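K.L.:
Questions regarding the structure given below will be posed in turn.
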Amino acid sequence: MEEYEEAIHKLVQDLLVPEKREEALMELSRNRENYSELAPILWHSVGTITALLQEIIEVYPLLVPPTLSVVASNKVCNVLALMQSVASHPSTRNEFLKAHIPLFLYPFLNTLSNSRPFEYLKLTSLGVIGALVKADDTNVIDFLIHTEIIPLCLRIMDRGSELSKTVATFIIQKILTDENGLGYLCVTFDRLHTICNVLNNMVENMQETPSQRLFKHIVRCFLLISEHQNGREFLRKHLPGPFKEPTPGMLVDENTRRALATIMYNLGMAPI
């Protein structure tokens, strides 16, 4: 075990050497799940986070016009995998937020290209934000709702690939799960209209390209919105048509059936 820990420390130090960085990134990314204390080591090692941010920033010029190669995408995605470890660890999560590091990822979420290098970059960036919201920490939600993450996720939900849509919808769902996040998204008609319009479009698209995993997250978002007074009033007029008469393909499991029934009950449209 000591030898393994020494090897991890050596790789972290190699991140500071430009000639050794790419290989160190690859090895650390590959082994990040096997060493629970990697995140604190990355965060507290002098210069390490700076070196990782440097790799992120160097990719920005390749975003517009879109000239990012697969090799460059893989390298920065290894960086983002390490950032995800830092974002998910309880001892480094708040420091990660205080340093506003998620903001460095937003340019990757703002790209319009769906080519493989950009899609991989987008998914890995979403993974970092997803790791943050999984903690069910109000501090995380308070930070995110005051940044551009909501409009970025909504645009991905509207235009992204199925997988990126799923992760982006999960992030919105976790924001809605938090009391402050739910209140923020339901406080005005404009915000409700924006989020429900995107969710409605996704439901309509399900008729042609069904995805059970994505549909579950969409239903969960509507359920959470229906638990807010403003949300209920809005959904009574703007609930997706397929929810009122769901097809057998939409009722993928008992939890989804129950969630749809609860939505209709919350809106006063059906008994529980």
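The values are calculated or read from the model by the stated rules, or taken from the named source; none is laboratory data. Treat the numbers as computed from the prediction; the structure is a model and nothing was measured. Virtual Cβ from ideal backbone geometry, glycine too; neighbours counted across all protein chains shown. Accessible surface areas use protein heavy atoms only, side chains included; no ligands, DNA or RNA. Shrake-Rupley method; radii C 1.70, N 1.55, O 1.52, S 1.80 Å.
K.L.:
Can you pull out every residue in segment 215-231 that is within 15 Å of Leu260 (Cβ to Cβ) and either hydrophobic (A, V, I, L, M, F, W, C) or crowded, with 17+ Cβ neighbours inside 10 Å (or both)? I'd like the intermediate steps shown before the answer.
P.N.:
Step one: list which residues in segment 215-231 are within 15 Å of Leu260 (Cβ to Cβ), which gives 215-227.
Matches in segment 215-231: Phe215, Lys216, His217, Ile218, Val219, Arg220, Cys221, Phe222, Leu223, Leu224, Ile225, Ser226.
K.L.:
Take Pro107 and tell me if it is open to solvent by less than 50 Å² (accessible area, probe 1.4 Å) and more than 21 Å from Val17 (Cβ to Cβ).
P.N.:
In short, yes.
K.L.:
With (1) open to solvent by 60 Å² or more (accessible area, probe 1.4 Å); (2) modelled with pLDDT of 95 or more as the list, and His238 as the residue in question, which single condition is left unmet?
P.N.:
(2)
K.L.:
Looking only at residues in segment 24-43 that are in a helix (DSSP H, G or I) and loosely packed, with under 13 Cβ neighbours inside 10 Å, which one is nearest to the chain's Cα centre (by Cα)?
P.N.:
Checked segment 24-43; the qualifying residue nearest to the chain's Cα centre (by Cα) is Glu33.
K.L.:
Additional query: Identify, by number, the condition in (1) more than 22 Å from Leu63 (Cα to Cα); (2) modelled with pLDDT of 95 or more; (3) out of contact with any Asp or Glu (no Cβ under 8 Å at 6 or more places or on another chain) that Ile141 doesn't meet.
P.N.:
(3)
K.L.:
Residue by residue through segment 67-122, note down the ones that are among the β-branched types (Val, Ile, Thr) and in a helix (DSSP H, G or I). Let's see the steps before the verdict.
P.N.:
Step one: filter segment 67-122 for residues among the β-branched types (Val, Ile, Thr), giving 67, 70-71, 76, 79, 86, 92, 101, 111.
Those that are among the β-branched types (Val, Ile, Thr) and in a helix (DSSP H, G or I): Val70, Val71, Val76, Val79, Val86, Ile101.
K.L.:
Within segment 191-250, count every residue that is closer than 19 Å to Arg155 by Cα, among the aromatic types (Phe, Trp, Tyr) and in contact with a Phe, Trp or Tyr (Cβ under 9 Å, 6 or more places away or on another chain).
P.N.:
Residues flagged as closer than 19 Å to Arg155 by Cα, among the aromatic types (Phe, Trp, Tyr) and in contact with a Phe, Trp or Tyr (Cβ under 9 Å, 6 or more places away or on another chain) within segment 191-250 amount to 1.
K.L.:
If only one of Val140, Val86, Val133 is within 20 Å of Leu53 (Cα to Cα), in contact (Cβ under 8 Å) with a residue 12 or more places away in the chain and open to solvent by less than 10 Å² (accessible area, probe 1.4 Å), which one is it?
P.N.:
Every option except Val86 fails the conditions.
K.L.:
Same structure, new question: Look at Glu227 and say whether it is at pLDDT 95 or above and not in a helix (DSSP H, G or I).
P.N.:
When the stated conditions are applied, Glu227 passes them.
K.L.:
Right, next: Looking only at segment 89-104, filter to residues that are in contact (Cβ under 8 Å) with a residue 40 or more places away in the chain and of a type in the set (D, E, K, R); which one of those is most open to solvent (accessible area, probe 1.4 Å)?
P.N.:
The selected residue is Glu95.
K.L.:
I need the full set of residues from segment 3-23 which are surrounded by fewer than 14 Cβ atoms within 10 Å (Cβ to Cβ) and either in contact with a His (Cβ under 7 Å, 6 or more places away or on another chain) or part of a loop (DSSP other than H, G, I, E, B) (or both), in order please.
P.N.:
Val17
K.L.:
Also: Name the residue, out of Val203, Val198, that is more than 18 Å from the chain's Cα centre (by Cα), part of a helix (DSSP H, G or I) and either modelled with pLDDT under 95 or within 22 Å of Glu119 (Cα to Cα) (or both).
P.N.:
Val203
K.L.:
Does at least one position in segment 144-161 carry a residue that is modelled with pLDDT under 95, part of a helix (DSSP H, G or I) and not acidic (Asp, Glu)?
P.N.:
Among the residues of segment 144-161, at least one is modelled with pLDDT under 95, part of a helix (DSSP H, G or I) and not acidic (Asp, Glu), which makes the answer yes.
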